[in-house]
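Accompanying notes for the structure given below.
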Amino acid sequence: MKKRLITLLCLAGNFPLLAQQDLTNSPWHIVGQNINPANYYGITVANGIIGLVSSPEPMKVRDVVLNGAFDTYGRGRVSNILKVFNFANMNLDVDGQRLGPRDITNYRQTLDMQKAALTTTFDFRDKVSVRQTMMALRHLPYSALSIVEITAKKDCEIIPMSVIESPENLKEVKNFYSEIDRPHATIRLLTSVAKSPTGRLTVAASNSFIFEEPHGQEPQVIHEDWDYNMHLAKFKKRLRAGQTYRFSVVGSVTSTASTPDPHNEAERLTIFAALERTPRLLQRHEAEWNKLWQSDIVIEGDPESQKAVRSALYHLYSFAREGTAYSLSPMGLSGLGYNGHVFWDTELWMYPALLVLKPEMAKSMLEYRFERMPMARQNAFSHGYAGVMFPWESDADGQEATPVWALTGPFQHHITGCVGWAFWKYYQVTKDKEWLRTRGYPMLKEVADFWTSRVERKGPGQYDINNVIGANEWQENIDNNAFTNGMAKTVLNFATQAAQELGITPDPDWKQVADNIPILKFPDGVTKENRTYDGVEIKQADANLLAYPLRLVTEEAQIRKDLRYYEPRMSKDGPAMGHAVLATLYARMGEPEKAYELFVKSYKPNEVPPFGVLAETAGGTNPYFATGAGGMLQTLLNGFGGIDITDNGIVQLKTRLPKKWKSLTIKGVGTQQKTVQVQ
């Protein structure tokens, strides 16, 4: 069982407001300026387990998301990742007045991507200036840290409040407050416990102030229990004009998805973090992020692209975590989008970038699938097939969690191929033969068995795969889809290779089937998306995926022919990663300017204010779309960077950069942490 906890601290640094303005052009900082609460899409601080989403309201957090904790509620009668207790919110009274959005000025929010810390600064009338820095602690997977600094402009009295609020989806909420007094410290615990919507899970959150004063001189803390959905702890402090007061809050959240006793576990974890104290928490958090950023992408000559690429990396690093069996949903930990489910977005779009830069993170995502093989085996059995059939939308249990009105659940079978493809790619990068024996081959064998049972054998060259939905989801219940067939051929051959690598005799039927799955073409030689495709607008690239990443189509003339045909048919309303794969192909064919044009198109129109976080589509309103970030990063790594994953490991293809870029440096590549450069 994996433990879950959240810890929150309120952090402050003594930097003038001008410093944030100066960070606008920094390649490591994303500055939210001219914040409009009516047109605001928050940015997330996360550590692979918890996600805290920023708010336009001072000292508030919009959402707190806990990875791996699911229950059935909301739209579609399917499991949904839980929105849990918001233990990160605060109130502040100054001279008896509660500050709010109408009473503040100079509101700024800045994300330091290097340290994974979000700093908010503002002035409350002519009385105080406030600075708050919040982070999800990287070294404590269920913990977050925030530090508050309040500077008086005139003599005043402040009453800061740490609040725990329950979202509407939690029920049977119980609130507790206790003090643990020791000779060297007093821990004041604010705790809430509740049931998930169906009662399947118990969820608990706890937090505590951390004061800088010596023990015995801390402010007196008062507990107020307002109702079942909110309670708080507060203290009072008189400040002189010019005086600055600093304190921290540490909080925790966990559930029975990770521990049998979440109430006590949440409080223990809060106590642990509180007694670590702020300097140690910060030191270890920043050290972990320094390790993460040893794998980085540096673009010289294009500050805008540099910041966009760092933002994509920051979000994938924030949403994923090594040493777990968690995967990534299309929206990561930025909210409840797509119910927190895991799709092909993981294996084909987000995973490849992490495999190149952080193989251990990628390994955790594969472990998620491996642990859910029994459910995938049952799914195959239920549909009359052999082997494993992975769900289109996978939840914590690995069951099919697609709402029944969406046909993608029963018919988008290429997901099973994508899982097998990702497993072989990990072996190609790491050459970890023990992992191949215990994880990679067992998976590939069952994936191959699925496809040999899935095809309809009608004669040589006609082992058809009928009645599916391909990557272009706007074409439903089609036959012989290009990407589905191409992925099936690919993973069947990978299964044969995996067996041979281990000295096992492969099932000869795998090759027999792979050799006879058709890839259809139009009379002029263009790859045909499916048997009945007639040139209509498509949601995203499908047939082009045979060139990259599958490498089934390798002749440049054929790649160009397919690009010329499908690029103008791609909808402007399609998801971001469609343009990214086209950009990658043009970069690999030595057309850097065309590739750059499509690279920008893959993310720039999807940015929303005030932080430029990515929506799924241009003009969309559902950030953060981590799938799009993964596609964009593949353009950098596998397109302009020329990185290719082969049976010989990671190799570099010869590529050229757009004129705007002076150089591209990719640090920390593969298990040997190599540096790849393109001039």
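Taken over the stretch 543-558, the criterion of being part of a helix (DSSP H, G or I) and either out of contact with any Leu (no Cβ under 6 Å at 6 or more places or on another chain) or among the small types (Gly, Ala, Ser) (or both) is satisfied by Ala543, Asn544, Leu545, Glu556, Ala557, Gln558. I'm trying to understand the selection: among the residues of the stretch 359-382, which are of a type in the set (S, T, N, Q) and under 13 Å from Thr346 (Cα atoms)? Matches in the stretch 359-382: Ser364 only.
To keep it simple, each residue is scored yes or no on (1) within 30 Å of His223 (Cα to Cα); (2) among the aliphatic types (A, V, I, L, M); (3) touching a Gly at 6+ places or on another chain (Cβ under 6 Å).
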residue	(1), (2), (3)
Asn36	no, no, no
Gly48	no, no, no
Pro58	yes, no, no
Asn67	yes, no, no
Thr72	no, no, no
Arg75	no, no, no
Phe87	yes, no, yes
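Within the stretch 249-283, the set of residues being within 16 Å of Met134 (Cβ to Cβ), surrounded by fewer than 24 Cβ atoms within 10 Å (Cβ to Cβ) and out of contact with any Ser or Thr (no Cβ under 7 Å at 6 or more places or on another chain) comprises just one member, Leu282.
If you scan the stretch 45-60, which residues turn out to be within 18 Å of the chain's Cα centre (by Cα) and either farther than 19 Å from Arg321 by Cβ or assigned to a loop (DSSP other than H, G, I, E, B) (or both)?
Let us first name the residues in the stretch 45-60 that are within 18 Å of the chain's Cα centre (by Cα), namely 45-54.
Passing the criteria: Asn47, Gly48, Ile49, Ser54.
Would you kindly identify the strands (runs of 3 or more DSSP E) lying entirely within the stretch 582-671 that contain at least 1 residues that are touching a Gly at 6+ places or on another chain (Cβ under 9 Å) and at positive phi? Spell out the reasoning first.
Numbers: elements: 643-646, 649-652, 663-669.
Ranges flagged: 649-652.
For the stretch 431-445, give me the residue count where each residue is surrounded by fewer than 21 Cβ atoms within 10 Å (Cβ to Cβ) and either in a helix (DSSP H, G or I) or without any contact (Cβ under 8 Å) to a residue 40 or more places away in the chain (or both).
The first filter runs over the stretch 431-445 and keeps only residues surrounded by fewer than 21 Cβ atoms within 10 Å (Cβ to Cβ), leaving 431-435, 437-439, 442, 445.
Add one more test, that the residue is either in a helix (DSSP H, G or I) or without any contact (Cβ under 8 Å) to a residue 40 or more places away in the chain (or both), and what stays is 432-435, 437-439, 442, 445.
Final tally of qualifying residues: 9.
Listed here are the strands (runs of 3 or more DSSP E) enclosed by the stretch 109-199 that have at least 3 residues being surrounded by 23 or more Cβ atoms within 10 Å (Cβ to Cβ) and among the small types (Gly, Ala, Ser): 143-152.
Restricting the stretch 387-416 to residues that are of a type in the set (A, V, I, L, M, F, W, C) and farther than 17 Å from Arg369 by Cβ, the residue that is surrounded by the fewest Cβ atoms within 10 Å (Cβ to Cβ) is Trp405.
Within the stretch 269-284, not a single residue is in contact with a helix residue (DSSP H, G or I) (Cβ under 8 Å, 6 or more places away or on another chain), of a type in the set (A, V, I, L, M) and within 16 Å of Trp28 (Cβ to Cβ).
Only one of these is among the acidic types (Asp, Glu), without any contact (Cβ under 8 Å) to a residue 40 or more places away in the chain and either crowded, with 22+ Cβ neighbours inside 10 Å or touching a Phe, Trp or Tyr at 6+ places or on another chain (Cβ under 7 Å) (or both): Asp515, Asp542, Asp562. Name it. Reasoning before the result, please.
Details: Asp515 fails: either crowded, with 22+ Cβ neighbours inside 10 Å or touching a Phe, Trp or Tyr at 6+ places or on another chain (Cβ under 7 Å) (or both); Asp542 fails: without any contact (Cβ under 8 Å) to a residue 40 or more places away in the chain.
Of the residues listed, the single one that is among the acidic types (Asp, Glu), without any contact (Cβ under 8 Å) to a residue 40 or more places away in the chain and either crowded, with 22+ Cβ neighbours inside 10 Å or touching a Phe, Trp or Tyr at 6+ places or on another chain (Cβ under 7 Å) (or both) is Asp562.
Would it be correct to say that Val455 is in contact (Cβ under 8 Å) with a residue 12 or more places away in the chain and either closer than 16 Å to Tyr385 by Cβ or among the aromatic types (Phe, Trp, Tyr) (or both)? Spelling it out, Val455 is indeed in contact (Cβ under 8 Å) with a residue 12 or more places away in the chain and either closer than 16 Å to Tyr385 by Cβ or among the aromatic types (Phe, Trp, Tyr) (or both). Within the set Asp524, Asp515, the sole residue that is in a helix (DSSP H, G or I), farther than 24 Å from Ala406 by Cβ and among the charged types (D, E, K, R) turns out to be Asp515. For the stretch 63-106, the set of residues classified as of a type in the set (D, E, K, R), surrounded by fewer than 19 Cβ atoms within 10 Å (Cβ to Cβ) and out of contact with any Phe, Trp or Tyr (no Cβ under 8 Å at 6 or more places or on another chain) consists of Arg75, Arg77, Asp93, Asp95, Arg98, Arg102, listed by residue number. Scanning the stretch 162-188 for residues that are of a type outside the set (Asp, Glu) and under 31 Å from the mean Cα position of the chain (by Cα) returns Ser162, Val163, Ile164, Ser166, Pro167, Asn169, Leu170, Lys171, Val173.
Values quoted throughout were computed directly from the atomic coordinates according to the rules given, and no laboratory measurement underlies them. This is a predicted model, so every value here is computed, not measured. Heads up, the Cβs are rebuilt from the backbone with ideal geometry, glycines too, and the neighbour counts pull from every protein chain shown.
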